[in-house]
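Q: Following this message is one structure expressed as structure tokens.
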Amino acid sequence: MSAPATEFAAPAGTERRDPHAVVEVVDVSVNFGGIAALTDVRLSAREGQITGLIGPNGAGKTTLFNVITGLQEPTHGRVWFGDRDVSGLPPYKRARRGVARTFQRLEVFGSLTVFENVLAAAEFRRSWSNDDTPARTVAAEIIRRVGLSVVADARVDSLPTGLARLVELGRALATRPRLLLLDEVGSGLSHEETEALGDLMVDLTRDGTAILLVEHDVELVMRVCDRIFVLDFGRIIATGTPAQVQKDPAVQAAYLGAAPESRGGPS
Amino acid sequence: MAIFLSFTVIGLVAGCVYALIATGLVVTYNTTGIFNFAHGAIAMVGAYAFWQFWQGWGWPAPLALVMVVLVLAPLFGLFIERLLMRPLRGAPVDLTLVVTLGLLLFLVGLAQIIWDPSEVRNLPSFFNGDGKRIGYVLVTYHEVVAVAATVAIAIALRLLFNTTRTGIAMRAVVDNADLLAMAGGRPIRIQQLSWMLSSSIAALAGILLAPIARLDILLLTLLVVDGYAAAIIGRLRNLPLAVAGAMAIGLGQFYISGYANADWVKRVQYVIPMVVLFAVLILLPQDRLRTASFTGAVAPRVAGLKASLVWGLVLVAGTMLVSTGLSGPNLRTAANGFALALVLLSLLLLTGYGGMVSICQLTFVGLGSIAMGKVGGDGGSLLGVLAAIGLAAGAGFLLALPTLKMRGLYLALATFAFAAVFDQAVFTQIFGTGGNQTVARPNIPGIPTGSDQAFLVLCSVVFAAAAIGVLAFRRGSLGRRLVAVNDSPAACATLGVNVNRTKLVVFTASAAMCGLAGVLYGGVTKQVDANSFAALLSLVALLLARIGGINTATGVLLGAFTFALFPTFLPHLPDFLSNQFLLTGIAAVSVGRDPNGLGGRIAQGAEKLRELLGLDRKLVSVPVSSDDGTAAAVFLEEEGRLVSAGH
Ligand SMILES: Nc1ncnc2c1ncn2[C@@H]1O[C@H](COP(=O)(O)OP(=O)(O)OP(=O)(O)O)[C@@H](O)[C@H]1O
Ligand SMILES: [Mg+2]
């Protein structure tokens with residue numbers, strides 16, 4: 001499924017777009033009061049693929065997710081979903097075009113139960129799509145799929161973080177996204193649970209879902225990703241297959257080679 | 001020219017007082033992060049205390065001034081810091097709101113007990129109102145003192161904040177109290193200092209203001225609220241900007257009153273600060289979407305359909321039974337309780353579930369009463385009821401449009417400004433000074449509502465039906481959506497929810513409920529006036545909902561009835577407690593701290609009882625992993641399902 005490496009690196013400064021992209025950000029920059037969180041970032045994620053986005057703490061990964069979902073207005077640059085420029089759309093309209101995400105800093109519906117969290121998302125989808133599968137059916141199936149059946153009736157604010165992240169995943173899936181943004185969804189999970197999560201992601205791409213994955217677990221990233229973008233200090237410093245990225249000297253210097261403690265370690 | 005100059009002088013003096021008020025607010029907000037709603041009440045008590053020493057006990061004015069401004073006010077500041085404000089460090093905005101609003105009510109109540117409002121008191125200007133004629137204009141020494149004091153305080157604060165170590169530390173506290181503590185600073189000391197300072201300045205502002213306005217408890221408290229607009233112009237941080245805003249508001253107010261001829265335009269002068277406050281709030285950039293919740297605590301479980309139906313039936317049957325033994329006034333007191341409970345129920349929906357604060361519910365009630373009176377006519381036609389609901393809903397919708405993006409403190413301030421505008425300009429205009437409006441009881445074909453007893457039963461039915469409806473709404477898909485929007489607006493937006501539309505619908509629905517409450521409220525005494533819907537009462541409603549419990553129907557009923565039955569208890573209470581504002585204030589800062597309130601405690605007690613009796617629940621352990629590597633979590637199991645977890 002992986003394409004040749006030359007295709008990944010878009011020529012800098014042009015508006016040419018990746019024709020296979022479900023989502024593409026073009027020359028996006030974000031400044032927070034003078035601090036550049038992102039600088040001219042160009043990235044795409046493709047249908048049926050898992051695209052990794054890695055980088056040290058503070059590299060700008062979450063900020064990029066916020067830009068894609070519309071929660072953060074970029075200082076400069078555009079966001080495309082397929083062949084449609086969505087830069088001016090509010091978050092809820094982007095979601096209705098098939099994008100869903102999880103949050104690194106949890107944004108669960110704490111006063112609802114696990115089942116209700118997923119059910120609510122399924123009901124949201126019903127209200128804006130013309131899919132009329134009963135929301136309860138969708139929710140029940142997803143709860144099973146992400147492995148939350150045993151805690152389905154527990155209030156989410158009483159769950160350990162690892163499980164709450166799975167609730168966010170289930171909630172995102174309930175909107176049947178074409179593009180799924182996962183922000184460190186695996187942290188807080190045990191080794192076996194992470195394995196299962198990896199399998200679930202691969203499984204999701206079989207229906208054509210595009211996944212953009214932010215993850216500090218290098219092993220998981222290398223195992224499931226088709227392509228990887230490496231972000232450092234707000235700039236893309238490398239792009240390629242897992243093998244290519246692993247060998248890249250710039251990446252080794254900036255990220256993989258550096259001792260995690262010196263960059264603050266995975267969070 | 002003479003007119004222009006004299007209004008410039010008065011406007012400048014008013015501006016100075018507003019500037020003093022804004023300064024005090026900004027100081028405490030910046031050092032403690034708490035917006036002190038009670039600031040105006042502190043100024044009012046300062047003015048009364050000064051009157052007491054000077055006029056009441058015959059102290060010389062300078063000595064009385066020193067006593068109040070430099071001794072009593074700082075002591076009071078120390079006292080509230082220790083008792084109320086220190087425990088609020090790091091607390092969510094809603095709690096700081098409840099506590100400072102509670103303090104406001106407490107001080108109003110206290111002042112009403114000490115200085116009986118029916119007695120007229122007069123606080124003379126300094127130097128007997130003497131002054132000097134400059135050109136055409138008489139400038140009183142009182143005015144000179146006011147301006148000089150403001151300038152002196154502004155300069156002193158500037159020096160304090162920019163040159164002294166303590167002042168620089170004060171500026172740093174709000175930004176990072178922990179950092180300052182590590183660096184050897186003493187946040188507690190500095191917070192004490194800032195509460196002392198702001199109480200002093202507030203007292204001085206009150207003393208300067210009272211002779212210009214009038215020594216009146218509610219008037220002074222609300223006038224001082226006008227200074228809040230200036231503080232907001234300075235975005236609660238920028239003192240020079242706040243002072244400039246204060247001057248602009250003061251001048252604008254008096255130019256309008258000077259040049260306007262029409263009566264209604266003159267009335268506008270009182271609401272200018274509120275309109276400015278409202279406008280600035282709308283223009284202020286708001287935070288990006290993020291989690292923000294008013295209640296913040298684990299809410300009791302929502303009653304099921306069967307339980308709420310039984311509860312409603314018991315309530316109505318109980319009311320019928322009790323009503324047979326009640327006299328006329330008591331029947332009306334109870335009916336009033338249900339009307340108030342309906343208002344609180346609208347807050348259950350808006351604030352308890354939706355996390356939006358409103359301090360203007362009584363304004364919607366007022367609109368409902370007026371519409372019922374005007375459209376319903378003497379016969380109390382049902383069209384009036386529809387008009388009441390429609391008018392209130394429309395007003396709620398229009399208010400919600402610009403305020404949707406606001407949260408917490410800003411929404412509270414904006415709704416309060418709205419209530420104050422209606423209180424001081426719109427309702428007074430509609431009723432005319434001292435006027436009132438008759439409101440007939442709704443005439444439902446085939447059902448008698450004329451007698452007090454029948455009307456009470458009707459009120460209980462309306463409340464029970466509304467409560468059952470609200471609970472059903474909460475359990476349904478829309479209710480889930482509302483709770484979800486409250487828990488995480490950001491997540492909802494990324495799941496395709498138009499967050500603003502959801503809020504708009506709920507705000508409108510909540511206002512509509514208040515409109516219906518207005519029909520009942522008017523029907524109790526069959527006549528309403530401007531005082532029935534004072535802005536302060538909206539504040540009381542919010543606190544009552546919080547005291548009773550803002551997320552259970554039983555809670556709001558409790559909150560409403562403790563207040564409504566107050567006149568019945570009154571004769572049995574000791575004098576020093578015989579004021580409903582005072583008691584509400586005390587209850588707010590004590591019971592109101594817990595968002596689940598009394599109702600929540602009852603629900604908790606019931607839960608405990610079930611556990612003690614070992615009813616259908618047991619603890620089970622489920623293997624899960626979490627961040628810190630613990631491998632099991634404990635869950636409560638109920639009828640074979642896991643319902644809550646601890647780890
Ligand atoms: N709202 C904000 N205001 C100011 N600065 C911000 C804001 N959000 C993020 N930043 C800054 O932008 C930079 C990028 O942050 P971001 O959270 O996107 O990094 P990240 O790659 O997700 O890091 P992590 O691996 O820790 O999650 C950081 O320096 C951060 O401090
Ligand atoms: Mg991040």
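The values are calculated or read from the model by the stated rules, or taken from the named source; none is laboratory data. Quick caveat, the model's predicted, so the values are computed rather than measured. Neighbour counts run over all protein chains shown; Cβ positions are idealised from the backbone, glycine included.
Q: Residue by residue through region A:61-74, note down the ones that are within 16 Å of ligand 2 (Cβ to nearest atom) and in contact with a Leu (Cβ under 8 Å, 6 or more places away or on another chain).
A: Hits for region A:61-74 are A:Lys61, A:Thr63, A:Leu64, A:Phe65, A:Val67, A:Ile68, A:Thr69, A:Leu71.
Q: Being closer than 21 Å to B:Thr333 by Cβ and touching a residue at least 24 places away in the same chain (Cβ under 8 Å), is that true of even one residue in region B:476-496?
A: No: region B:476-496 contains no residue that is closer than 21 Å to B:Thr333 by Cβ and touching a residue at least 24 places away in the same chain (Cβ under 8 Å).
Q: Hey, among A:Gly58, A:Gly77, which residue is surrounded by fewer than 20 Cβ atoms within 10 Å (Cβ to Cβ), within 16 Å of ligand 2 (Cβ to nearest atom) and not assigned by TED's automatic domain parsing to the domain that holds A:Asn130?
A: A:Gly58
Q: Residue under question is A:Val221, and the condition is that it be within 16 Å of ligand 1 (Cβ to nearest atom) and either within 14 Å of chain B (Cβ to nearest Cβ) or hydrophobic (A, V, I, L, M, F, W, C) (or both); does it hold?
A: Here the answer is yes, as A:Val221 does meet what is asked.
Q: Taking the conditions exactly as written (closer than 22 Å to A:Gly234 by Cβ, within 16 Å of ligand 2 (Cβ to nearest atom), among the hydrophobic types (A, V, I, L, M, F, W, C) and outside the structural domain of A:Leu213 (by TED's automatic domain parsing)), does A:Phe103 satisfy them or not?
A: Considered against the rule, which asks whether it is closer than 22 Å to A:Gly234 by Cβ, within 16 Å of ligand 2 (Cβ to nearest atom), among the hydrophobic types (A, V, I, L, M, F, W, C) and outside the structural domain of A:Leu213 (by TED's automatic domain parsing), A:Phe103 comes out as yes.
Q: Go over the candidates A:Phe81, A:Phe109 one by one and state the one that is within 12 Å of another protein chain (Cβ to nearest Cβ), in contact (Cβ under 8 Å) with a residue 24 or more places away in the chain and either at positive phi or among the aromatic types (Phe, Trp, Tyr) (or both).
A: Of A:Phe81, A:Phe109, the one residue that is within 12 Å of another protein chain (Cβ to nearest Cβ), in contact (Cβ under 8 Å) with a residue 24 or more places away in the chain and either at positive phi or among the aromatic types (Phe, Trp, Tyr) (or both) is A:Phe109.
Q: Let me ask something additional. Among the residues of region B:251-265, is there at least one that is of a type in the set (A, V, I, L, M), assigned to a helix (DSSP H, G or I), away from ligand 2 (no atom under 16 Å from the Cβ) and at pLDDT 85 or above?
A: Yes.
Q: With the condition being among the polar types (S, T, N, Q) and at pLDDT below 95, I'd like the helices (runs of 4 or more DSSP H) fully within region B:1-98 carrying at least 2 qualifying residues.
A: B:2-32
Q: If the requirement is being touching a residue at least 40 places away in the same chain (Cβ under 8 Å) and facing another protein chain (nearest Cβ under 9 Å), which of these qualifies: A:Arg145, A:Arg125, A:Arg178, A:Arg206?
A: Just one listed residue meets the conditions, A:Arg125.
Q: Among B:Leu220, B:Leu179, which is the only one that is part of a helix (DSSP H, G or I) and modelled with pLDDT of 80 or more?
A: B:Leu220
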